[in-house]
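Q: Here's a structure for you.
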Amino acid sequence: MPLKNPQEATESSELLCEIKDGVAVLTLNRPEVMNALNESLGAALSRTLHTLEFDHAIRCVVITGKGPGFMAGGDVGLFGRSLAMETPQRQALFHSFIQAMHPSIVAIRRMPKPVIASINGATAGFGMSLMMACDLALCTKSSFFTMAYAQMGLSPDGGGTFFLPRLVGARKAMELALLSERITSEEALRLGLVNKVVEDESLSLETWKMSDRLARGPTAAYAETKRLIMTSFECELPVQLQKEEIAFAKSTTSHDFCEAASAFLAKRSPNFTGQ
């Protein structure tokens, strides 16, 4: 595997980070609880994503999980401990817990580089929100997905109600959120929740192929494309056309544009640097 011997590797107890050839792979590392989100994992994820966002050497980020699941949502252990609290204290606890995760979602969407969700199994609750926040997603055939919140008497968080209707439409989003039924990888592909379904044993290799291709691409152009797509829902067509014009013209000032044009004329492959 390409990431077996990373040029750099850092790790904490609950989040692993491997870096090779401009690709940073973040691995959620609580496999004994299906990588359920707790305070320390949430803090590590926010801190690491913020660092990667502003590291120009990183040109693509991958988020995946260790073990049989990507992320099973919030840690039910925390839910259980909160039952001993008075109602105002419980409410304050979860305000704080959820607010601490907002920087992670914002960093993924704001990051001027592609972020890939590499789904290795069960994905529920905040795991769904985290996956949907990413720019691209691929999953194994055995993966399955559920919003799950309604089963716990909760409403979604982590941007789930923002991303879900944009991906699948309002009517289907309502069904997935209210009924919280489990859907297969093939159904997730049909709905547009994931971009690709691969054999279980091929996930690492297929993820590497995608991330390596993106890391070798025109990073500055990707950043403009990502920004334009993410803000398109907020604009009327004339405004979006103007934004595209400005971004296109800006892209022609980049080294990568000059390299691509020269390579095309010379009938060779371009060597993008991300500048």
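Q: I'm told Ser202 meets every condition in (1) within 21 Å of the chain's Cα centre (by Cα); (2) surrounded by 14 or more Cβ atoms within 10 Å (Cβ to Cβ) except one. Can you identify the failing condition by its number?
A: Unmet for Ser202, out of (1) within 21 Å of the chain's Cα centre (by Cα); (2) surrounded by 14 or more Cβ atoms within 10 Å (Cβ to Cβ): (2).
Q: On to the next question. Can you confirm whether Glu206 is modelled with pLDDT of 95 or more, of a type outside the set (S, T, N, Q), under 29 Å from Ile63 (Cβ atoms) and in the same structural domain as Glu18 (by TED's automatic domain parsing)?
A: On the way: modelled with pLDDT of 95 or more: yes; of a type outside the set (S, T, N, Q): yes; under 29 Å from Ile63 (Cβ atoms): yes; in the same structural domain as Glu18 (by TED's automatic domain parsing): yes.
So Glu206 passes the test.
Q: Separate question: Taking Glu234 as meeting all but one of (1) in the same structural domain as Ala107 (by TED's automatic domain parsing); (2) loosely packed, with under 12 Cβ neighbours inside 10 Å, write down the number of the exception.
A: Glu234 satisfies all of (1) in the same structural domain as Ala107 (by TED's automatic domain parsing); (2) loosely packed, with under 12 Cβ neighbours inside 10 Å except (1).
Q: What are the residues in the stretch 76-116 that are among the polar types (S, T, N, Q) and exposed (fewer than 13 other Cβ atoms within 10 Å of the Cβ), if any? Don't jump to the end; show me each part of the working.
A: First pass over the stretch 76-116, keeping only residues among the polar types (S, T, N, Q): 82, 87, 89, 91, 96, 99, 104.
Residues satisfying the conditions are Thr87, Gln89, Gln91, Ser96, Gln99.
Q: Any idea which residue in the stretch 63-80 is farthest from Gln151 (Cα to Cα), counting only those that are among the β-branched types (Val, Ile, Thr) and out of contact with any Cys (no Cβ under 7 Å at 6 or more places or on another chain)? Give the steps one after another, and end with the answer.
A: Applying the first criterion (among the β-branched types (Val, Ile, Thr)) to the stretch 63-80 yields 63-64, 76.
Next, only the ones that are out of contact with any Cys (no Cβ under 7 Å at 6 or more places or on another chain) stay: 64, 76.
Values: Thr64: 24, Val76: 12 Å.
Only one residue fits best here, namely Thr64.
Q: Something else now. With Arg213, Arg268, Arg227 as the choices, which residue is of a type in the set (D, E, K, R) and assigned to a loop (DSSP other than H, G, I, E, B)? Working first, answer last.
A: Numbers: Arg213 fails: assigned to a loop (DSSP other than H, G, I, E, B); Arg227 fails: assigned to a loop (DSSP other than H, G, I, E, B).
The conditions single out Arg268.
The values are calculated or read from the model by the stated rules, or taken from the named source; none is laboratory data. Computed from a predicted structure; not experimentally measured. As a convention, Cβ positions derive from the backbone with ideal geometry for all residues, glycine included, and neighbour counts pool all protein chains shown.
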